[in-house]
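One structure below.
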Amino acid sequence: MLEIRIQASTAIGGPLVTLIGDASLAEVDRLSLELRRVQSSHPSRAAIDVSGVSFIASLAIGTLVEFASGVRTRHGRVALVGAQGMVLDAFQRLRMDALFTICPTAAAVEQCWGPAQQAQSVREASAAPQSL
């Protein structure tokens, strides 16, 4: 069973999706649905906390990639937080750092994104059209 928690995070500047348990094949459809809901709000930043995940199926990894690709299409970024053990090994072997920022904790996401990316976020925010 996979528990999925979604909350707004001021530290990240967007949603924090926390996954706990096994991200098995049986959970992929529900994970995909929840991540589509998050993506529908068009976040410019998001983080997925996988510190509580003990197993992740390849289709679940594909679902995370699909989510990150959607966020990145709108010039956003996604951090993978707290990966450890076999989950971290899978992410490293798949070179997930090319699509995600891999960070040890949610509190450290801003530091993982680094000053250059923080400055880019400020430029993106100031260039965004303002509603009247």
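Some notes on this structure:
- Applying the Karplus relation 6.51 cos²θ - 1.76 cosθ + 1.60 with θ = phi - 60° to region 88-101 yields 3J(HN,Hα) values of 4, 4, 4, 4, 5, 5, 8, 6, 5, 5, 6, 10, 10, 8 Hz, where x marks Gly and Pro.
- Region 51-64 - phi-based ³J(HN,Hα) in whole Hz, Karplus 6.51/-1.76/1.60, Gly and Pro as x: 4, x, 8, 9, 8, 9, 6, 4, 5, 5, 4, x, 5, 5
- When the Cα positions of HIS75, LEU64, LEU99 are compared along the charge dipole of region 2-120, HIS75 comes out farthest toward the positive end, with charges on each C-beta of Lys, Arg, Asp and Glu.
- At most 11 other Cβ within 10 Å, DSSP loop - trypsin sites (Lys or Arg not before Pro), region 42-113: ARG74, ARG95
- By the beta-carbon count within 10 Å of each Cβ, the least crowded to most crowded order of CYS112, CYS103, fewest first, is CYS112, CYS103.
- For the chain, built as a Gaussian network whose Cα springs stay under 10 Å, the top-fluctuating residue of GLY52, GLY21, GLY85: GLY85
- Think of each Lys and Arg Cβ as +1 and each Asp and Glu Cβ as -1; about the Cα centre, that makes the dipole of region 2-120 roughly 380 debye.
- Full-stretch length increase - GLU3, LEU25 - with 0.36 nm per residue and alpha-carbon distance subtracted: 6.5 nm
- Neighbour counting of Cβ atoms within 10 Å sorts the residues PHE67, PHE55, fewest neighbours leading, into PHE55, PHE67.
- Taking amide H as placed 1.01 Å from N in the peptide plane, the amide H of SER9 sits under 5 Å from that of GLY14, LEU16, each at least 5 places away or on another chain.
- What the Cα convex hull of region 2-120 gives, in volume per residue, is 88 Å³.
Throughout, read-outs are computed from the coordinates displayed, never taken from laboratory work. Note that the structure is predicted; figures quoted are calculated from it, not measured. Virtual Cβ from ideal backbone geometry, glycine too; neighbours counted across all protein chains shown.
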